[in-house]
1. Dipole of segment A:335-389, Cα-centred, from +1 at each Lys and Arg C-beta and -1 at each Asp and Glu C-beta, to the nearest 20 debye?
2. Antiparallel DSSP bridges in segment A:501-608: what percent, to the nearest 5?
3. Magnitude of the Cβ-charge dipole of the protein assembly as shown, K/R +1 and D/E -1, about the Cα centre, nearest 20 debye?
4. Would you please report the Å³ per residue occupied by the convex hull of the alpha carbon atoms in segment A:171-243?
5. With heavy atoms of protein chains only and a 1.4 Å probe, what residues of segment B:221-236 have at least 20 Å² less accessible area in the full set of chains than alone?
6. Per DSSP H run of at least 4 residues, take -39500 (n - 2.57); add these up for chain B, divide by its residues and hand me the 222 nm value, nearest 500 deg cm²/dmol.
7. What order do B:R199, B:R345 take when sorted by accessible area (1.4 Å probe), most exposed first?
8. Excluding B:M161 itself, calculate the net charge of residues whose Cβ lies under 10 Å from the Cβ of B:M161, where each Lys or Arg counts +1 and each Asp or Glu counts -1.
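The values are calculated or read from the model by the stated rules, or taken from the named source; none is laboratory data. Given the structure is predicted, the values throughout are model-derived calculations rather than measurements. Note that we place each Cβ from the backbone using ideal geometry, even for glycine, and neighbour counts take in every protein chain shown. Side chains included, ligands, DNA and RNA excluded: accessible areas come from the protein's heavy atoms. Shrake-Rupley method; radii C 1.70, N 1.55, O 1.52, S 1.80 Å.
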Amino acid sequence: MQWAAIHAHVNLDLLQSLVASQRISPLSSQMHLLRYLIPFLVLAGCASKLPPGNATKSTGTDSYQQPCLVDITKLSSLDFVHDPGDLDGFSMPQIMGSGAAFFDIDGDQDLDLLLIGGKQLGANGSGGDRLYRQEAGGKFADITQWAGIATGGYGMGVAVGDIDNDGDLDFFLTRYGADRLFQNRGDGRFDDITEKAGITNLQWGTAASFFDFDRDGWLDLFIANYVDFYPGSVCEDGSGRRDFCGPKSLLGTVGRLYRNLGKPATQTVHSQFEDITVPSGIARRVGKGLGVLCKDFNGDGLMDIFVANDGEENFLWVQYENQMFSNEAILRGVALNRFGEAQANMGVVSEDFNDDGLSDLFVTHLAGEYNTLFQASQVGQFSDRTVAAGLSLSSLPFTGFGVAAADFDHDGDVDLAIANGGVKRGRPAEKKDVNAFWSDYAQHNEFYLNDGKGFESQRRLGGSDFTEHTEVSRSLIHGDIDNDGDVDFLVTNCAGPARLYRNDFPKLGNWLSISAIDPLLKRSAIGAEIQIQVGERVITRDLNPSSGYLGCNDTRVHVGLGKAARYDAIRVYWPNGGTEIEEFPGGDSNQTITVKRGSGRILAGDTR
Amino acid sequence: MNNGTPENSKQMDSPPPASTSPSMPEKTWKNRPILLLLVAVGVSAAIWFISQNLNSTPKVPKPDFTTANSNVALATAQLLKAVEDKPNSAEAWGQYGEILMAHEWNSEALICFDQAAKLNPKEMRWPYLAAILLDRQEPILALDKYDIAKELDSGYAPLWMRRGNTLLGLNRTDEAEASFKKALEADKNQPFPLIALARIAGIRENWKMATELLEQAKSVAPKNREVLVELTRSRMLLGVNPMLGQAEQSAILSGQRYDTMPDEIYSAINEQEVAARFAAMQADSAAAKGDLQAAAEGYVALIKQRPEMVRPRLNLASVFLQSGQAPLALTTLKEAVQLFPEDARAHYAYSYALEGSQQFEAARREREEAVRLKPDFAEAHFALAISAERDGDVDQAIQSYRLAIQSDIRLARAHLGLGLTLQKLGKLEQAVEAIDAAVKLSPGDPVPKRYLDKAKELLEKNRP
């Protein structure tokens, strides 16, 4: 009733005014103009960009001669197995899986790993979360107890960010139960500061993301909440057999937005957060959020929030100057698929899949629905172009959750890896890596290579541990785990092992790995947009580790350069402070670069 | 001759060169009947084998019911038995397929629809439902089925819509457009084909055409959320101010799921619908057999299962009345009227319960409400006439009888009632005419005949 009452008081005037003033129109923002003109102004006399598809590749093979995505779980001493707890009750959180995060907990320049566990619902004591530190030889050591992260609740997702600008990474855990915020002491040990920081989310949190929506330099937090589920709920499948509940029979909830107030003068130990869900306008809509992606979707320099809702319209909370948010998903073409249907939206990534300089959205879905590619036709306007991109038919039999978008073969185009696993009983697959209970839910994962013209499923080619395993997969996170310049990834599985995959894909080009640091804030510039100029081509990427499903990725921005041996410039659109675009000089490919704010050439905007 | 014979004999004794022997054709010819016989037997066997296979009944699919809900298992088992009892009945196979489909035994349902289509190739439902089953997983195969279905019934708009969407999913945009146009031809009163055509215009980035099509859709369905939202978006992409009115703003913000094209065939196999249909069938059957306890239990279960349906409540009340539990019937019907105030049948049924408990005024009000809600409700008009007559409101009674007859000219009771009322008013010729109509409409019924005889007698007596 409370939310219904809020819903009834939606601010229609705001929507009317923004539409009437043409602010939805993509060419209204000076920032937007700068963003898209600068590459051309800098390279005066450059011809227009090459058409999509110029960076083509051809492996020339119908099958791979060697494993491409190699399961190195055992090799890495990674022994995590997700524990969903007692399954007699078919409790819904047990089928939703759990997340993971790649991040460097101790500043030793290699990625460590946080894996979220399930454990018994409602039980007291520690949950199933595990923190692994990467040690010499790429081995992972379980440091959970030492790190002090043991906590209760049924684990779901994780977001990583330096909330107190002290140079180390903190993290936030969503739970079926109370969510938790952990602050890094600096050496990889953590303190639970949830209550002290003022965060109280008792609803079923799923995806979460740190982002600086108010540009004050402190990372704020958005939490997607899922459905209003009680453990006693009993659900059946179509034939009346006991099964996990789906979202349709349950009420939705409201996502939460917390503003990071920074460290008050009287309190220097940790940041304080303020719940601004209601004043920001986020409380106007009840949803069933599973995926979150925060970025500036409409090019006005303000961060927006995309929420993937399970079985309902997605939300695109567009921010306005007064720090109010308005849901414009339906008008911007990302609420529904091309048939006007609300799908079971799960994981979400944003990348420029067709190399037109505009970031697109890709959302994973239930079996019988297709994973959807919302391609940007203008800044802030999207259309479902899944079919034309070759991504629809192959996804119909599978329920996609985790998703990673990266250039796995360095040909210059963004590829896709998708973690699949059912939520409703299906036909048991022939080959399974799971026990009898989970066999009805187990599915193959999927991997697509993008050749610049469209995507092609690689599963039929075999030769990849990633697509061979048949499990109930959920989160998929990516990062350069071995610092060899390509993107590896990890998949979590319901009631199964987390699997680490090394990228041994045949490489068709060169690469860059970019860290964008704001020295004043002592942290990665989460939310920055990075443009890499390579000849006439401009490659656009976001520094945004929170994407996919319940997970958090490496904060380094990886770029495949194709055949280019050099890059000409890197431009960074800094996400906080005044509007600022800074350019850094070019160099050779195949290296890891750190660009620091203030050390490049200011192209536009107000410097701090 | 002599010279020739030894030569011939000699030639026959020794093996002749294969290609030059003059006796070979003769020898083959002699064996030809046997060969022909063998060929004939072979061909017959082949024909028999093929025909057997063509006409063969597939193994009846039997999913594992053991873990299924008992109601579902019971309903499914009953329809399975119908197939086993009548393996050549397309309807039995089709209905079994429907319940399997409703409970997500999709591959089993597909076998049933295929067999139903084989047994009755002129029925469109079976290939159509098979197509719906396939189109989320195997759209190419689904298209084949849609094409068979469209040949059988080219006027069913939902079929063209679904086919168009499947084609659109395969990136066959031009063919999809043609299919949506067919849907529009088949049903011009629905906005959905126009929305789909606008969507295709959008894919082609022809926002002017998309806007025009959506304007047309708006004229057909001015309150449809999808129309209002897509029209706003299309105008924006066309670069014109979308000019949001209250309706557009509400549509954008409502978050309600878009309506879909009504599809009677598909909605009939909706899971709840099938289960409810079965439960209703069971309860009706029990009531017909006089097993009132079982019928009441069945209707109660159905009310729990489908609380949005009024019919189970009315039937339950009827069972209560039949079993002499009038207060329970009254309570049930009162609840039905409260829950379904716009349902004329509920008010009508409630009126009889009220009448049974001597609440005549209330009964009349319910009847007035029933005819207000459903002006062509012949039975309710008739009941209202009875109430009016009881209250001495003869004019109202006559009017109600006439309205009952107007609504259903075959309603013998209304003719009889009208006749008797007219007779009371002394309008004997009109009375005879009305009662005569009642007699003709119910030839086996002695009551109207008796009244007719009396009316005629009265008319004769009163002739000048």
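1. Here the size comes out at about 180 debye.
2. Working: 29 of 35 bridges.
Antiparallel: roughly 85 percent of the beta bridges in segment A:501-608.
3. Details: 107 positive and 142 negative charges, 692 e Å.
Approximately 3320 debye in magnitude.
4. Working: hull volume 9.9 nm³, N = 73.
Taking only Cα atoms, segment A:171-243 has a hull volume of 135 Å³ per residue.
5. Residues shielded by partner chains are B:R225, B:V229, B:R233, B:M236.
6. Rounded to the nearest 500, the figure is -24000 deg cm²/dmol.
7. On the way: B:R199 45, B:R345 115 Å².
Highest to lowest solvent-accessible surface, that is B:R345, B:R199.
8. Numbers: positive: B:R162, B:R163, B:K182; negative: B:D187, B:D263.
Result for the neighbourhood of B:M161: +1.
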